[in-house]
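Participant: Below you will find the structure I want to go over with you.
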Amino acid sequence: MRDIAIVGGGPAGSLCGERLASHGYRVTIFDERLTWEKPCGGGLTHKAIEAYPFLLDSPHPKKIVRTAELISGSGHRARFEMSHPIVIYARKVLNGLLLDRAVAAGCAAVRSRVTNVDTSGEQVRLMVGGEERRSDFVVLAGGARNQLVPETTALGKMDLEVTLGYFVPTEEDMIKVKFLKEFEGYMWSFPRTDHLSVGICARMGQRSSQQLRRHLDEFVCEEKIPMEGAHFYSHVLPSPQEQTIRGRRISGNNWAMAGDAAACVDPITGEGLYYALRSGDLLAQALIEGQLQAYPERLRAAFSADLEFAASIARKIFRGTFLGGAITTRMVQLLNYSPAFRELIRDVFSGTQDYRGLKRRVWDQFGTTALEFVRSFLNPLRAVRASGAASRRESSS
């Protein structure tokens, strides 16, 4: 198995190709666009930077953001410094960076669309731009809705979310996330080097596009975001359910999936970049070691079991209640009143706190959080001073 075809030149396909080419495989990456802009935040958390330091060290334009603000559906706000900064790329820049590394390692990059893949024979046959190509193995990294191999299924309606947004030519230094009442999704403002990515995401079928755009335009107005020269976008992204993550078949005798195609996306935050990179990396390692059969279990051990748990609690986080109010509202309030809870959220944002350990940590420190909340609630001036002091300490560190 020396000739590898990769369908999709995004983060998963490019990193997988780079790793394989570096070990002597003949790799061809097929993509009809190769590099493109994508309607998402484009944020890389600390776990991504820790695993792939070149993403921070590269000379490509990027935004390093250390401050975030959460806004509840009731209008409560909480601003905090993250324990580790988030690195934000425009997706076209990030895709270009990763593809350039793959080509430098020896991959061939072909700008063409793959319309059919046949894995039934001794070799994989691909229909590329109306011509047949052959390979020993194919990596499917072309997104969530592509179904090129009969053994696979495209993600269905319940595993997808709709995103609408604007690319706004203005500058900002803070991430903003706003939740809505009885709404399984959120709105965001992510600063990039020369513009903002402002958007809204919601599970497909939950709200009409008109309703989503109305919420988004209200958010833009509330946050006083200047819209002159803004460019509108819409897209469909994966948001997999628990049973999809658990039961999805992601490899066969001469094929495997990575990235969005393998449902490697956080169903709560929508983060996909780290999981795309890691899945492509793990798949390449399995192929290099001749252990393709170990790839699904390695993926599960690395993160998919955690994402499965996240999918099981996503609806409760967005729509659930706690102490008579929405969980998202209580979360924002606790951020202002409890230093212990603020530290927890900082770790969640940085990607250093997984979901399976989150529930236990919440309960282990519940007494401390409750005590801090009561003390600060009874003495609002003390809460303001404590929050200000914490922000100053975080900024200096």
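Participant: Please go through region 208-226 and give me each residue that is touching a residue at least 40 places away in the same chain (Cβ under 8 Å) and under 17 Å from residue 157 (Cβ atoms), ordered by number.
Facilitator: Within region 208-226, 209, 212 meet the criteria.
Participant: Same structure, new question: Going by the structure shown, is residue 80 farther than 24 Å from residue 341 by Cα and of a type in the set (Phe, Trp, Tyr)?
Facilitator: No; evaluated as a whole, the condition is false for this residue.
Participant: Take region 304-340 and flag every residue that is farther than 19 Å from residue 371 by Cα and without any contact (Cβ under 8 Å) to a residue 40 or more places away in the chain.
Facilitator: So in region 304-340, the residues farther than 19 Å from residue 371 by Cα come out as 304-321, 326, 328.
Result: 316, 320, 321.
Participant: Taking into account only those residues within region 357-376 that are surrounded by 14 or more Cβ atoms within 10 Å (Cβ to Cβ) and assigned to a helix (DSSP H, G or I), which is modelled with the lowest pLDDT?
Facilitator: Restricting attention to region 357-376, the residues satisfying the condition of being surrounded by 14 or more Cβ atoms within 10 Å (Cβ to Cβ) are 358, 361, 365, 369-370, 372-373, 375-376.
Filter once more, keeping what is assigned to a helix (DSSP H, G or I): 358, 361, 369-370, 372-373, 375-376.
On the way: 358: 88, 361: 90, 369: 81, 370: 79, 372: 81, 373: 73, 375: 76, 376: 69.
Result: 376.
Participant: Among the numbered criteria (1) touching an Asp or Glu at 6+ places or on another chain (Cβ under 8 Å); (2) under 20 Å from residue 318 (Cβ atoms); (3) crowded, with 21+ Cβ neighbours inside 10 Å; (4) touching a residue at least 40 places away in the same chain (Cβ under 8 Å), which one does residue 159 miss?
Facilitator: Unmet for residue 159, out of (1) touching an Asp or Glu at 6+ places or on another chain (Cβ under 8 Å); (2) under 20 Å from residue 318 (Cβ atoms); (3) crowded, with 21+ Cβ neighbours inside 10 Å; (4) touching a residue at least 40 places away in the same chain (Cβ under 8 Å): (1).
Participant: For region 69-78, what are the residues that are surrounded by fewer than 20 Cβ atoms within 10 Å (Cβ to Cβ) and not basic (Lys, Arg)?
Facilitator: 69, 73, 74, 75, 76
Participant: State which residue is nearest to residue 67 (Cα to Cα) when the search covers only region 167-195 and only residues that are of a type in the set (Asp, Glu) and in contact with a Lys or Arg (Cβ under 7 Å, 6 or more places away or on another chain).
Facilitator: 184
The values are calculated or read from the model by the stated rules, or taken from the named source; none is laboratory data. Small disclaimer: the values here were computed from a predicted structure and weren't measured. FYI the Cβ positions are ideal-geometry reconstructions off the backbone, even for glycines, and counts take in every protein chain you see.
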